[in-house]
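Have a look at the structure below, then the notes.
The values are calculated or read from the model by the stated rules, or taken from the named source; none is laboratory data. Please read all numbers here as calculations on a predicted model, not as lab measurements. When we count neighbours, we look across all protein chains shown, and the Cβ atoms used for this are built from the backbone with ideal geometry, even at glycine.
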Amino acid sequence: MLCFLALPPVVAQAATGGDSVPGPVEVALDHFRNLEHDVAQKQLEAWLSEHPSDLRAWNYLASVILQKEMVRRGLLQAQAYGPQGEAFQPDKAPLTPGVQKEFFSVLGKAETLAETRIKQNPWDQEALYWAGVTHLTKALFHLTLAKAYLTALGDAKEARSYHTRLLALNPSFVDALLVVGIYDYAVGGLPWYAKVVASLVGPRGDKARGLAEMKRVTQEGQWAREDAKPFLAILYFREKMYPEALALLQGLTQSYPRNYLLEQEIARVYKAMGNIATAAKAYDDMLAKRAAGEPGFSAMPFAQILYQAGEVRAQLGQLDEALRRYEQAAKLDENNLYVYRAEFEAAGLCWRLNRREDARRKYERVVRAIPETAEGRSARQTLKRLQETRPAPSEKAK
């Protein structure tokens with residue numbers, strides 16, 4: 001449905017003039033886009049304590065709270081929204097205590113401010129813009145954390161309604177095309193049976209039109225230009241337009257060098273292009289940055305990156321190198337699914353490399369740790385087969 005919304009939530013600035021966003025908010029945005037959520041949140045809260053009617057800052061703050069929780073749960077990565085991705089697993093991991101209340105409290109203030117202004121002046125373009133952004137941010141919450149997909153679609157429809165109304169008032173407000181384009185692409189990409197449901201809550205959309213609308217924002221938008229780029233990059237990936245996705249992501253890494261997720265997505269694009277050697281180098285570069293203590297990279301999901309680095313080395317046939325990365329991940333003192341996924345892959349490589357007892361021990365650990373996952377079930381079946389084919393003690397003696 002709206003799975004491409006895994007990248008940073010829209011936090012576009014209002015197109016009301018180049019001087020409309022104060023310096024402190026811009027500084028907070030830079031921290032936000034570099035995944036430094038705690039710093040960004042404190043700066044926005046300090047600003048709002050002195051400027052409580054700033055619609056922009058309230059929306060920024062809600063996006064920071066949402067994205068921080070998404071990062072904690074591994075839901076800001078595009079692969080979480082693919083087949084078998086974590087985003088669509090039936091079990092709902094608990095939210096960080098207080099996050100939902102805090103998030104909706106902030107959004108409630110933003111929504112009240114916008115609606116009050118719209119009642120006073122139905123042609124208030126800034127208020128219409130931020131009212132739409134508020135509903136898009138709600139849609140992201142319902143999609144990624146609450147997993148209430150129809151509710152998410154309803155909020156996306158509301159966001160689109162505000163921004164189409166804004167564009168009717170001012171067709172040159174290009175930034176508003178981002179929300180419209182997101183909605184058009186999302187609904188246009190639904191399977192036929194979901195479109196029937198979607199038709200009950202809003203227009204059907206058009207994928208090609210949505211892409212064109214978002215591309216225009218990245219080229220002509222005054223304030224939402226940077227925010228449109230990660231959205232468009234992930235859509236390019238979905239459409240197998242890999243060079244276009246790569247160009248956008250590489251440009252973003254220049255602007256936000258402490259955002260490890262951008263580099264993770266670049267490696268993913270290289271894999272999809274079949275350029276496995278370059279993908280391997282991209283993962284190794286991330287690991288090197290972490291080892292060197294480069295800002296931002298200590299926060300990256302270490303086990304996951306090691307696991308992904310092992311995957312591409314295995315694809316290249318570099319089994320010893322792949323095993324080294326898998327075993328490094330498996331030794332981490334973390335209760336992390338990727339630790340056990342790495343152990344599972346390491347077990348398979350140990351068996352192929354004739355390290356049979358190591359393989360058995362690794363499979364047994366996976367079965368104990370994650371018995372109800374695909375890896376746990378496969379490890380259990382493998383151990384059963386190995387037990388059935390293991391020579392009896394008397395046969396060994398012969």
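Give segment 226-239 a look and list any residue that's within 13 Å of Leu178 (Cβ to Cβ) and either touching a residue at least 24 places away in the same chain (Cβ under 8 Å) or not in a helix (DSSP H, G or I) (or both), or say none. Once the filter is applied, which keeps residues that are within 13 Å of Leu178 (Cβ to Cβ) and either touching a residue at least 24 places away in the same chain (Cβ under 8 Å) or not in a helix (DSSP H, G or I) (or both), segment 226-239 yields Glu226, Asp227, Ala228, Pro230, Phe231, Leu235. Annotation: Asp333 fulfils all but one of (1) at pLDDT 95 or above; (2) surrounded by fewer than 22 Cβ atoms within 10 Å (Cβ to Cβ); (3) within 24 Å of Ile370 (Cβ to Cβ); the unmet one is (1). Has segment 151-167 got any residue that is over 21 Å from Phe231 (Cα atoms), at pLDDT 95 or above, surrounded by fewer than 19 Cβ atoms within 10 Å (Cβ to Cβ) and not β-branched (Val, Ile, Thr)? Yes, there is a match, as at least one residue in segment 151-167 is over 21 Å from Phe231 (Cα atoms), at pLDDT 95 or above, surrounded by fewer than 19 Cβ atoms within 10 Å (Cβ to Cβ) and not β-branched (Val, Ile, Thr). In the condition set (1) modelled with pLDDT under 50; (2) closer than 18 Å to Gly221 by Cβ; (3) aliphatic (A, V, I, L, M), Met1 is compliant with all but (2). So, in segment 109-125, how many residues would count as being under 19 Å from Ser63 (Cβ atoms) and crowded, with 17+ Cβ neighbours inside 10 Å? The total comes to 5.
Filter segment 31-45 down to the residues that are assigned to a helix (DSSP H, G or I) and under 17 Å from Val71 (Cα atoms) and list them by number. Hits for segment 31-45 are His31, Phe32, Arg33, His37, Asp38, Val39, Ala40, Gln41. Restrict the check to segment 321-338 and report whether at least one residue is over 21 Å from Val366 (Cβ atoms) and among the polar types (S, T, N, Q). Among the residues of segment 321-338, not one is over 21 Å from Val366 (Cβ atoms) and among the polar types (S, T, N, Q), which makes the answer no.
Scanning segment 240-298 for residues that are outside any helix (DSSP H, G or I) and among the polar types (S, T, N, Q) yields a total of 2.
Filter segment 299-311 for residues that are in a helix (DSSP H, G or I) and either among the β-branched types (Val, Ile, Thr) or surrounded by fewer than 22 Cβ atoms within 10 Å (Cβ to Cβ) (or both) and give the result.
Just the residues of segment 299-311 that are in a helix (DSSP H, G or I), to begin with: 299, 302-311.
Ala299, Phe302, Ala303, Gln304, Ile305, Glu311 - these are the residues of segment 299-311 that are in a helix (DSSP H, G or I) and either among the β-branched types (Val, Ile, Thr) or surrounded by fewer than 22 Cβ atoms within 10 Å (Cβ to Cβ) (or both).
Scanning segment 316-330 for residues that are assigned to a helix (DSSP H, G or I) and either crowded, with 24+ Cβ neighbours inside 10 Å or of a type in the set (A, V, I, L, M) (or both) yields Leu319, Ala322, Leu323, Arg325, Tyr326, Ala329, Ala330. Residues of segment 341-362 that are of a type in the set (Phe, Trp, Tyr) and modelled with pLDDT of 95 or more: Phe344 alone. Taken over segment 214-243, the criterion of being surrounded by fewer than 18 Cβ atoms within 10 Å (Cβ to Cβ) and among the acidic types (Asp, Glu) is satisfied by Glu220, Glu239. Taking every residue in segment 208-222 that is at pLDDT below 85 and pairing it with any residue that is outside any helix (DSSP H, G or I), at least 6 positions away or on another chain, the pairs with Cβ-Cβ distances below 7 Å are Gln222/Ala15.
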